[in-house]
Amino acid sequence: MATKTRLLAPVREFMRWWRSELEQLLPRRGGNSNDMVELEARCTNGQTLLCVDDIAVPVAETPPEQLRRRLATSDTVVLRLGDGLVLRSQVELPAAAEENLRQVLWFEMDRQTPFRPEAVYFDYLLIRRQPDRGSLRVDLAVAPRAAVDPLLAMLERMGLSVQRMPPLTEAGMDLLPAEQRRRPIDWRSWSRRGLAGLAVALLVAVVALPLYQDQQRLSRLEQAVAAARSEALEVQRLREEIQQRSAAVAFAGRRKEQGISALDVLAEVTRRLGDDSWLQEFELQAGEVRLRGEGPNAAQLIDELDGSPRFTNPSFRAPVTQGTTAGLERYYLSAEVVEP
């Protein structure tokens with residue numbers, strides 16, 4: 001355990017230094033007032049104006065240059081809706097509506113205001129509960145989309161994101177729908193999460209890298225062993241093949257030295273038959289020679305073979321018959337061959 005602590009100490013020291021360096025580079029939450037600016041929108045004489053400090057410009061397709069210069073250092077705005085853009089009224093609803101108050105107000109919109117629900121931005125505040133009457137008192141603020149959307153579109157063309165859109169006189173409301181709100185980024189929180197994730201990744205790398213390297217070395221060794229095993233098997237196969245062929249050659253040599261030569265036996269038979277006999281079939285097998293042919297005196301052939309030192313026990317294997325030519329006898333005889 002002590003060894004592991006000593007090994008990880010440089011990693012912890014590096015992570016502390018790196019985190020401090022990164023935190024200095026990250027923007028601080030709320031540290032720069034230019035990151036967010038508050039704008040006011042109001043309707044005067046039927047014209048919608050966008051105001052910031054001492055600048056008041058009408059809403060237009062192309063934002064005025066002076067407004068661009070003023071908001072050049074900002075990326076997020078709070079748009080406060082002033083006179084002429086927000087309709088305020090107090091609405092009384094049944095107490096049971098509190099659980100789904102926004103949904104109930106949506107369905108009640110065309111009854112409580114001159115607008116249909118899809119044509120407005122709205123928000124509300126619960127003023128008080130009235131148990132004795134079984135009702136709620138709600139402060140409802142409504143802004144027509146027809147008047148507000150051109151404002152949002154102009155700000156979007158300027159690269160600005162609206163974070164909140166409260167009425168000018170009620171900061172507790174926000175008419176901007178939840179899905180359009182931009183949540184501020186907590187850079188410090190994200191930096192801590194990123195550094196923690198990086199620390200975990202480095203720790204995993206410290207532990208996993210040696211294992212990976214060992215695995216790679218083991219894989220290379222296994223490949224080398226497999227290649228050597230393949231070569232060894234091939235050498236063994238060739239050795240066995242050479243041994244088998246050598247044994248076959250030696251066996252053939254021994255048989256040649258110890259065995260019976262068919263040519264020698266045929267030569268001896270030819271000498272014993274004489275010139276007036278015909279040999280039609282010659283078979284040498286298992287130390288026995290078999291002869292089939294025709295001659296003038298088949299019985300004399302038995303005597304000739306018996307008188308040869310290469311043959312013993314000559315005998316007829318079938319009765320002697322008349323040959324195909326007059327004066328010749330057809331014979332079929334055999335004799336044992338004596339090895340030289």
State whether one or more residues within segment 74-93 are free of Cβ contacts under 8 Å to residues at least 24 places away in the same chain and either part of a loop (DSSP other than H, G, I, E, B) or surrounded by 11 or more Cβ atoms within 10 Å (Cβ to Cβ) (or both). no
Report the residue count in segment 105-123 for those that are in contact with a helix residue (DSSP H, G or I) (Cβ under 6 Å, 6 or more places away or on another chain) and surrounded by fewer than 19 Cβ atoms within 10 Å (Cβ to Cβ). 4
Only residues that are within 12 Å of residue 41 (Cα to Cα) and either part of a strand (DSSP E or B) or of a type in the set (D, E, K, R) (or both): list them for segment 150-177, please. 167
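Rundown of residues vs (1) of a type in the set (Asp, Glu); (2) in contact (Cβ under 8 Å) with a residue 40 or more places away in the chain, yes/no style:
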position	(1), (2)
132	yes, no
136	no, yes
142	no, yes
150	no, yes
155	no, yes
165	no, yes
174	yes, yes
177	no, yes
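Since every read-out is calculated from the coordinates, none of them should be taken as a lab result. Please read these numbers as outputs of a predicted model, since none were measured by experiment. As a convention, Cβ positions derive from the backbone with ideal geometry for all residues, glycine included, and neighbour counts pool all protein chains shown.
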